[in-house]
Amino acid sequence: MHDAIVIALGTPVCVGVYNEQGELVEEIVSDGVGSDVLPLIFEGLLKKYTFRRFVYANGPGSFMGIKVTYLFLKTLGIVKNIPLFAIDGFFFNNNSPIKAVGKLYFVKNSEVISLLPLEAPSVNGFILPKTIDAKNFQCDNAPHYGIDAV
């Protein structure tokens, strides 16, 4: 049994497959749009692995990326009877600011996520960790958009 972790808060879309010990066994990175690449990626993964859970970065970040990822994994989870968990995007970028809109960025201090204007912030890309600990995943898997749709 494996875990699938999906980061689609922007480009690229990252999908990681983790074994029962929490070790990354396969990583797929695509510059495509989540709605186009997720079905193709999972078509192949579902032929190779049996999943015990799906986990996704539930925000903040790309409104459309979060929404598409949530709907895709939630639907697939219902069809395959696989639970969906979430974790915020800061877990995957070493807690650096995440682009919102214009000069606004999401920033996380302690457990509070704020939207702040920043001039030339140091922004890290999203990466899949080599190991994971399931205790970091949240059962509350609702998307966290951070701002209203524009």
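What follows draws every value from the coordinates through simple rules; no lab data is involved. Keep in mind it's a predicted model, so treat the numbers as computed, not measured. Every residue, glycine among them, receives a Cβ derived from its backbone with ideal geometry; neighbour counts consider all protein chains shown.
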Q | the chain: calculated mean residue ellipticity at 222 nm from DSSP helix runs of at least 4, using -39500 (n - 2.57) | A | -7500 deg cm²/dmol
Q: Determine the principal axes of the Cα atoms in the stretch 26-85, then give the extent along each, sorted from largest to smallest and rounded to whole angstroms.
A: 29, 21, 17
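State which entries of Lys103/Lys135; Lys47/Lys99; Lys80/Lys108; Lys74/Lys103; Lys48/Lys74 exceed 25 angstrom in Cα-Cα distance in the structure shown.
Details: Lys103/Lys135 34 Å; Lys47/Lys99 35 Å; Lys80/Lys108 34 Å; Lys74/Lys103 32 Å; Lys48/Lys74 20 Å.
Where the Cα-Cα span goes over 25 Å, the pairs concerned are Lys103/Lys135; Lys47/Lys99; Lys80/Lys108; Lys74/Lys103.
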Q. Taking trypsin sites (Lys or Arg not before Pro) as exposed when DSSP calls them loop (any state but H, G, I, E, B) and at most 15 other Cβ atoms lie within 10 Å, what is the longest stretch of the chain free of them, the sites themselves excluded?
A. 1-102
Q: Let me have the relative contact order for the stretch 89-150, percent, based on Cα pairs under 8 Å that are six or more residues apart.
A: 28
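Mean separation of Cα pairs under 8 Å and 6+ residues apart, divided by the residue count of the chain: what relative contact order is that in percent? Please list the in-between numbers first.
Values: 290 pairs, mean separation 37.7, N = 150.
25 percent.
For the chain, how big is the tail of P(r) above 23 Å, as a whole percent of Cα pairs? Numbers along the way, then the final one.
Working: 3447 of 11175 pairs.
Every Cα pair in the chain considered, those over 23 Å come to 31 percent.
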Q: Report the normalised scattering of the stretch 94-150 as log10 I(q)/I(0) at q = 0.25, 0.30 Å⁻¹, calculated by the Debye formula with identical scatterers on the alpha carbons.
A: -1.21, -1.32
Q: Please give the helix 63-80 orientation as an angle from the longest Cα principal axis of the chain, in degrees from 0 to 90, rounded to the nearest 10.
A: 20
